[in-house]
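The values are calculated or read from the model by the stated rules, or taken from the named source; none is laboratory data. No experiment lies behind these values; they were computed from the predicted model shown. Heads up, the Cβs are rebuilt from the backbone with ideal geometry, glycines too, and the neighbour counts pull from every protein chain shown. Please note that ligands, DNA and RNA were not included when accessible areas were found on the heavy atoms of the full protein model with its side chains. Shrake-Rupley method; radii C 1.70, N 1.55, O 1.52, S 1.80 Å.
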Amino acid sequence: MLNSRDIYQIENKAGIVYMTTENSTVKHEFASDNAKILQLMIHSLYSNKEIFLRELVSNAADASDKLRFKALSNADLYESDGDLRVRVSCDKENNTVTISDNGIGMNLEEVIEHLGTIAKSGTAEFFSQLSGDQASDSQLIGQFGVGFYSAFIVADAVTVRTRKAGEEKAVEWHSKGEGEYTLAEIEKEARGTEITLHLKEEEKEFVDGNRLRGIVTKYADHISIPVQMFKDEVPESEGPDGEKIAAVPAQWETINKATALWTLDKSEIEESEYKEFYKHVSHDWEEPLTWTHNKVEGKSEYTSLLYIPKKAPFDLWNRDHKSGLKLYVQRVFIMDDAEQFMPSYLRFVKGLLDSNDLPLNVSREILQDNKTTQTIRKGCTSRILKMLERMGKNKAEDYQVFWNEFGQVIKEGPAEDAVNKDAMAKLLRFASTDNNESIQSVSLADYVSRMKEGQDKIYYVVADNFAAAKSSPHLEIFRKKGIEVLLMSDRVDEWMMSHLTEFDSKQLTSITRGDLDLGDLDDEESKKEQENSEKEVEGLAERIKTVLGEKVKEVRFTHRLTDSPACVVADENDMSSQMAKLMEAVGQGAPEAMPVFELNPEHQLVKHLNDEQDEDKFAQWSEVLLDQALLAERGSLKDPAGFVSRLNKLMLD
């Protein structure tokens, strides 16, 4: 019989709260996050309640695919029944709907893992996004994924009876969706899983066979496993000419096409079928943004059907997030989440691959170092990048939707994939001084098309946030001369730009690094005025360097400023402050680099400092100007109290 001590050990690993009864049925409580998600799902998805059948049939088909793969190495798992199928039935008298399969099934530990835990890693972040608005929260539920628990949209209780192929013990799971469930050991002759939904009183529409048949046809035509419903006996009858028409016995009837969608020619597939198949492979309840379906022949033969989602999953940035494609070999399902076929910066891509060249007994280890894998990965990556480039050119609104969701992931690309760096550069979007809006909509090609005559560089600034980038003192001379600057504030930007050095033969140049040289953009009259202004405060830079000592690498005059008295920049060969912050954020120490302190010789504060004869005040003013520049550049100071004290003292003098 069921051993509650075994369950305790299993569930303790999963962190699930539990309690036992004296008999063989064991009662358990969902963790608090699980219960919250369950209730939110029931209320948020009610307007699209028929998706429960799509999700449960899809899961049943997956279970059949997994058995077919396992049976490649152990045919005994078929237990003399290799005719895989999914069956849907209803019982009007008892107000139930049942979905059953003869697939792989589950044992006790798997039931607890898959049915006892809704919440996944990252759930806290998921809940932090909830607004209380049902419409927007339902969008988030779509990101979280629904799956099995969609059953509770229409059912007030669900019973699952399952036996894993090749094992004797079977398990019954039962829950009313109110925060707890029970487990019991049962007898079950057939392998696989049977899910019975005890429908709510107001959901009687789903005990209508024709209604269920219509939903299955709508959502499951593309599933390669036959989906069957019971057809009642047709009694013997007479034809129009008095001839006898033989009776047709009651039987299970396949109601879907049961043809692997990706094996069909593109001309045979409706757009609606592509969209429904996406929901099957991704368990997303929104339609995809776009897709590409290709059959490749030659040295490697494979079919790919790849989708770009509209919304990012809530756990996209979680380290435990599973990504990758469904892998089939010669139409036989091999594995979910085969991440070897897509670089990590395309981990949001959903879909499948069907290869004719990989062995049926392929493992993740074999995939890791396999020429066929590398060829397919190269082809799929190129295909996705080209599809996104076309979208950016021809469907700007759709591309903006994509970029808002996945832009930061794409920005990881230049550092990871030098081969496709140029292709990725065409996909990048940024905020810009051209419109001063935070939305990232400006491409590098847009920037180049607007470059001023004589300009040979693409200028950018990286800051902690958009407001800081937009108000950076380093922009002053560029605004004065009408030169566009890209405004970057994503955490990954500094890392990306350290690997992306040019576009269209034009150097990408940070305006916060090194000495500014505008080249032909500076006219002779301006250069002469700059020389004269520096002569007026000659010797000041050396005097300030003496006071500041090792706090700065160098003190020099600059003409990148028009309104600010001073700024700090990174030396051409040193790590920028943004890169140092990024390194610290990921737990890697960064060598401390002293900034270059630049002064605006035309600013009144700098002229005042030049005239200051009191050495103590001169030192204080020098420190205050440096702290102001550091604050504008880095957003914080090592000694803010010292800065306030010096500033207060100068204000009182």
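One table, with the values for the structure above:
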quantity	calculated
Filter result for the condition that a residue is loosely packed, with under 13 Cβ neighbours inside 10 Å and at pLDDT below 90, over A247, A260, A220	A247
Condition met for D91 (open to solvent by 20 Å² or more (accessible area, probe 1.4 Å) and at pLDDT 70 or above)	yes
Filter result for I483 (more than 23 Å from D563 (Cα to Cα) and touching a strand residue (DSSP E or B) at 6+ places or on another chain (Cβ under 7 Å))	no
Number of positions in segment 483-501 that are in contact (Cβ under 8 Å) with a residue 60 or more places away in the chain and part of a loop (DSSP other than H, G, I, E, B)	6
All positions within segment 396-415 that are surrounded by fewer than 19 Cβ atoms within 10 Å (Cβ to Cβ) and closer than 18 Å to E502 by Cβ	A415
Subset of segment 502-546 (residues that are among the β-branched types (V, I, T), open to solvent by less than 50 Å² (accessible area, probe 1.4 Å) and in a helix (DSSP H, G or I))	I544
Helices (runs of 4 or more DSSP H) contained in segment 326-412 and holding at least 3 residues of a type outside the set (D, E) and over 21 Å from the mean Cα position of the chain (by Cα)	364-368, 371-394
Segment 612-647: number of residues that are open to solvent by less than 70 Å² (accessible area, probe 1.4 Å), in a helix (DSSP H, G or I), among the charged types (D, E, K, R) and more than 16 Å from F597 (Cα to Cα)	2
Test: K457 is open to solvent by 40 Å² or more (accessible area, probe 1.4 Å), touching a helix residue (DSSP H, G or I) at 6+ places or on another chain (Cβ under 7 Å) and at pLDDT 90 or above	no
Number of the condition not met by G177 [criteria: (1) outside any loop (DSSP other than H, G, I, E, B); (2) open to solvent by less than 10 Å² (accessible area, probe 1.4 Å)]	(1)
Selection count where residues are under 31 Å from the mean Cα position of the chain (by Cα) and touching a residue at least 40 places away in the same chain (Cβ under 8 Å), scope segment 97-115	10
Scope segment 341-377; condition without any contact (Cβ under 8 Å) to a residue 12 or more places away in the chain and either open to solvent by less than 10 Å² (accessible area, probe 1.4 Å) or of a type in the set (D, E, K, R) (or both); matching residues	E365, D369, K371
Residue list for segment 266-280, restricted to those being closer than 23 Å to L385 by Cα and either open to solvent by 20 Å² or more (accessible area, probe 1.4 Å) or part of a loop (DSSP other than H, G, I, E, B) (or both)	K266, E271, K275, K279
Every residue from segment 180-228 that is over 19 Å from D91 (Cβ atoms), part of a helix (DSSP H, G or I) and touching a residue at least 40 places away in the same chain (Cβ under 8 Å)	K218, Y219, A220
